[in-house]
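Novice: I'd like to ask some things about the structure below.
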Amino acid sequence: MPFIDLHCDTISRLLNARRTGEAGSLRQADFHIDLEKLKGSGYLLQNFALFVNLKGGRDPLQEVLTLADLYWEELANNKDLAQPVLSFADLEAARREKKLGCLLTVEEGGVCLGRLPLLRTLYRVGVRMLTLTWNYPNELGQPNGQPGGLTETGLAFLEEMERLGMIADVSHLGDDGFWDVARHAKRPFLASHSCCRALRDHRRNLTDEMLKALADNGGLVGVNFYSAFLGPHEVSRTEDIVRHIRHVVDVGGEELAALGSDFDGIDCPLELEHAGHMDRLIRALEQGGFTPRQIERVCWQNAWDFYERTL
């Protein structure tokens with residue numbers, strides 16, 4: 001079974017490992033994700049997020065460019081396994097050549113410092129998706145759990161992103177900001193790594209009304225594997241991932257659900273220990289009553305179709 005995953009933090013984890021003298025590369029590392037694990041599980045595409053903590057003590061613009069440099073360096077070193085995806089044609093080409101497609105994203109719109117030229121520069125560097133906020137307010141808007149929607153700058157960013165062809169990601173965005181995006185977006189947007197608030201009352205999760213709005217927009221929801229978003233258990237249980245996928249499908253339809261693991265950005269124990277064990281998810285979906293066609297939709301087809309519409 002092919003897979004497409006809408007979010008991981010592997011590049012940030014790799015940079016932190018380099019800074020502390022640990023071994024590892026994007027090809028092979030003791031992480032949730034590396035290229036060999038992805039290849040072994042048959043992935044078509046992995047979104048690689050450049051995650052920047054605005055309160056991490058480093059200049060956010062320098063940090064995101066340092067991460068981007070590492071990403072491009074690793075892809076250059078692994079051309080036999082992976083290739084960058086800047087357009088849907090690139091994704092089709094990667095599939096034909098039996099290589100892993102790699103799509104670059106940024107998790108934290110604040111790295112642009114509220115300046116449109118920096119947003120355009122990220123696009124030129126290869127970024128095709130932007131998470132508007134992380135856990136702190138920035139020039140674009142407010143994060144989950146805080147009142148207030150998109151700022152005027154945030155609305156200008158959304159307009160420019162749509163002009164460029166950069167996808168807006170509402171994971172981590174506050175509720176008011178979500179609805180601002182839903183009202184103003186002219187192109188499909190997504191939540192790359194979010195779960196369902198009806199099943200787990202957490203501010204990071206999406207309400208049923210949000211799921212319906214994403215479906216109406218032609219959007220996508222990548223279900224997150226982090227235990228705190230799935231339920232009360234400390235372990236990320238595969239059956240809970242399936243439960244949230246089922247809810248997304250029941251509320252928003254079969255074309256809404258996808259995978260957004262948050263691998264290498266989550267620190268809980270996982271029944272799906274890493275990307276090399278995705279066969280366990282297939283078995284759990286089968287046991288959960290999903291048909292073969294529905295499993296294909298969740299694991300890759302919905303994301304493939306979304307990128308055909310948006311890249």
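The values are calculated or read from the model by the stated rules, or taken from the named source; none is laboratory data. Quantities reported herein were computed from a predicted structural model and do not represent experimental measurements. Using ideal geometry, Cβ is built from the backbone for each residue, glycine included, and neighbour counts are taken over all protein chains shown. Keep in mind that these areas ignore ligands, DNA and RNA; they rest on the heavy atoms of the full protein, side chains included. Shrake-Rupley method; radii C 1.70, N 1.55, O 1.52, S 1.80 Å.
Novice: If the only charges are +1 at each Lys and Arg Cβ and -1 at each Asp and Glu Cβ, what is the size of the charge dipole of the stretch 216-295 around the Cα centre, to the nearest 20 debye?
Specialist: That gives a dipole near 220 debye.
Novice: Whose amide H sits under 5 Å from the amide H of residue 236, counting only residues 5 or more places off or on another chain, with H placed in the peptide plane?
Specialist: 227, 270, 271
Novice: What does the charge add up to near residue 200, with Lys and Arg as +1, Asp and Glu as -1, over the other residues with Cβ less than 14 Å from its Cβ?
Specialist: Summing Lys/Arg as +1 and Asp/Glu as -1 gives +1.
Novice: Which value in nm describes the separation of the simple spin-label points at residue 19 and residue 53, placed 7 Å from the Cα toward the beta carbon?
Specialist: 0.8
Novice: Related question: Relative contact order for the stretch 199-286: what percent, with Cα pairs under 8 Å and sequence separation of 6 or more?
Specialist: Details: 113 pairs, mean separation 28.8, N = 88.
Result for the stretch 199-286 is 33 percent.
Novice: Next up: Roughly what would the spin-label model give for residue 79 and residue 183, points 7 Å off Cα along C-beta, in nm?
Specialist: For the pair residue 79/residue 183, the computed spacing is 4.9 nm.
Novice: Still on this structure, please answer the following. Pull up all non-local amide H partners of residue 259: gap of 5 or more, or a different chain, and H-to-H distance under 5 Å with H placed in the peptide plane.
Specialist: Amide H to amide H, under 5 Å and 5 or more residues apart or across chains, residue 259 pairs with 6, 223.
Novice: For a label point 7 Å from the Cα of residue 296 along Cα→C-beta, name the residues of the stretch 1-27 whose backbone N is under 13 Å from it.
Specialist: 1-3
Novice: So how strong a dipole does the stretch 68-166 carry about its Cα centre when Lys and Arg Cβ are +1 and Asp and Glu Cβ are -1, to the nearest 20 debye?
Specialist: 300
Novice: Given the rule -39500 (n - 2.57) for each run of at least 4 DSSP H residues, summed and divided by the residues of the chain, what is its mean residue ellipticity at 222 nm, to the nearest 500 deg cm²/dmol? All intermediate terms of the calculation are to be shown ahead of the outcome.
Specialist: Numbers: 13 runs with 128 residues, N = 311.
Value at 222 nm, helices only, nearest 500: -12000 deg cm²/dmol.
Novice: May I pose another question? Quickly work out the residue 156-to-residue 287 label distance, labels modelled 7 Å from Cα along the C-beta direction, and quote it in nm with one decimal.
Specialist: The answer from the label model is 5.3 nm.
Novice: Can you tell me the relative contact order of the stretch 88-141? Whole percent, Cα pairs under 8 Å, sequence separation 6 or more. Write down the numbers at each step before the final one.
Specialist: Working: 51 pairs, mean separation 21.0, N = 54.
Rounded, it is 39 percent for the stretch 88-141.
Novice: Tell me, in nm to one decimal, what length is gained between residue 72 and residue 280 on full extension, where the rule is 0.36 nm per residue of separation less the Cα-Cα distance? Show your work: numbers first, answer last.
Specialist: Details: separation 208, 0.36 × 208 = 74.88 nm, distance 3.11 nm.
Once the chain is fully extended between residue 72 and residue 280, it gains 71.8 nm.
Novice: Magnitude of the Cβ-charge dipole of the chain, K/R +1 and D/E -1, about the Cα centre, nearest 20 debye?
Specialist: Numbers: 34 positive and 46 negative charges, 86 e Å.
Using only the charged Cβ atoms, the result is roughly 420 debye.
Novice: Follow-up. What shape does the stretch 81-221 take by its C-alpha gyration tensor, where a ≥ b ≥ c are the square roots of the eigenvalues and a/c under 1.5 counts as rounded, a/b above b/c as prolate, and the rest as oblate?
Specialist: Details: a/c = 1.94, a/b = 1.34, b/c = 1.45.
Note, shape of the stretch 81-221 comes out oblate.
Novice: Which one, 87, 171, 192, has the greatest fluctuation when you compute a Gaussian network model over the chain with C-alpha springs under 10 angstrom?
Specialist: Looking only at 87, 171, 192, the biggest GNM fluctuation is shown by 87.
Novice: While we're looking at this one, here's another question. What's the carbon and sulfur percent of the stretch 154-256's accessible surface, probe 1.4 angstrom, rounded to a whole number?
Specialist: Numbers: 1680 of 3800 Å².
Ligands and nucleic acids excluded, carbon and sulfur reach 44 percent.
Novice: Here's another thing I want to ask about it. Looking at the chain, which longest stretch skips every one of the trypsin sites (Lys or Arg not before Pro) that is in a DSSP loop with at most 14 other Cβ atoms within 10 Å, leaving the sites themselves out?
Specialist: 204-311
Novice: Moving on. Work through the residues other than residue 287 whose Cβ is under 15 Å from its Cβ and net out their charges, Lys, Arg +1 and Asp, Glu -1.
Specialist: Details: positive: 237, 243, 246, 280, 283; negative: 239, 240, 271, 279, 286.
Here the count lands on 0.
Novice: Let a ≥ b ≥ c be the square roots of the eigenvalues of the Cα gyration tensor of the stretch 136-284; is it rounded (a/c under 1.5), or, if not, prolate (a/b larger than b/c) or oblate? Show your work: numbers first, answer last.
Specialist: Numbers: a/c = 1.92, a/b = 1.69, b/c = 1.13.
The shape class here is prolate.
Novice: Then there's this: Going Cα to Cα from residue 99, which lysines come in below 19 Å? Please leave out same-chain ones fewer than 8 positions away.
Specialist: Candidates past the 8-residue exclusion: 37, 39, 79.
Novice: Next question, about the same structure. Between beta-carbons, use under 9 Å as the cut-off and find the net charge around residue 255, counting Lys and Arg +1, Asp and Glu -1. Numbers along the way, then the final one.
Specialist: Numbers: positive: 297; negative: 254, 305.
Local charge sum for residue 255: -1.
Novice: Please give the solvent-accessible surface of residue 210 in Å², to the nearest 10, using a probe radius of 1.4 Å with every protein chain present.
Specialist: My reading of the accessible area for residue 210 is about 10 Å².
Novice: Right, something else. Amide H to amide H, which residues 5 or more places from residue 82 or on other chains are under 5 Å from it, using H placed in the peptide plane?
Specialist: Hits under the 5 Å cutoff: 100.
Novice: Cα gyration tensor of the stretch 246-291, axes a ≥ b ≥ c as square roots of the eigenvalues: rounded (a/c below 1.5), prolate (a/b > b/c) or oblate?
Specialist: Values: a/c = 2.57, a/b = 1.51, b/c = 1.71.
Because a/c hits 1.5 or more and a/b fails to exceed b/c, the stretch 246-291 counts as oblate.
Novice: OK, next. Keeping every protein chain in place, order 59, 9, 69, 201 by accessible area at 1.4 Å, biggest value first, i.e. largest first.
Specialist: Values: 59 75, 9 10, 69 95, 201 135 Å².
Reading off the accessible areas and sorting them downward yields 201, 69, 59, 9.
Novice: If you don't mind, there's one more thing I want to ask. Over the chain, what is the mean sequence separation of C-alpha contacts under 8 Å (at least six apart), divided by residue count, expressed as relative contact order in percent?
Specialist: Over the chain, the number comes to 19 percent.
Novice: Check each of the GluC sites (Glu not before Pro) in the stretch 1-101 and keep only those in coil by DSSP with at most 11 other C-beta atoms within 10 angstrom; list them in order. Numbers along the way, then the final one.
Specialist: On the way: sites: 22, 36, 63, 73, 74, 92, 97; in loops: 22, 97.
Sites meeting the loop and neighbour criteria: 97.
Novice: Still on this structure, I have one more. Roll a 1.4 Å probe over the protein chains and send me the accessible area per residue for the stretch 103-232 in Å². Kindly include the intermediate steps, with their values, before the conclusion.
Specialist: On the way: 4510 Å² over 130 residues.
Heavy-atom SASA per residue in the stretch 103-232 reads 35 Å².
Novice: Hey, could you get me the Stokes-Einstein D for the stretch 1-132, Kirkwood radius over alpha-carbon pairs, 20 °C and 1.002 mPa s, rounded to whole µm² s⁻¹?
Specialist: Values: Rh = 15.0 Å.
Translational diffusion coefficient: 143 µm²/s.
Novice: Same structure again: Compare 235, 106 by solvent-accessible area with a 1.4 Å probe and give them largest first, with all protein chains kept in place. Mind dumping the intermediate values first?
Specialist: On the way: 235 60, 106 0 Å².
The ranking, largest first, comes out as 235, 106.
Novice: Sticking with this one: Starting from the residue with the highest accessible area, list 233, 274 in decreasing order, probe 1.4 Å. Each step should come with its number before you reach the end.
Specialist: Numbers: 233 75, 274 50 Å².
Largest accessible area first, the residues go 233, 274.
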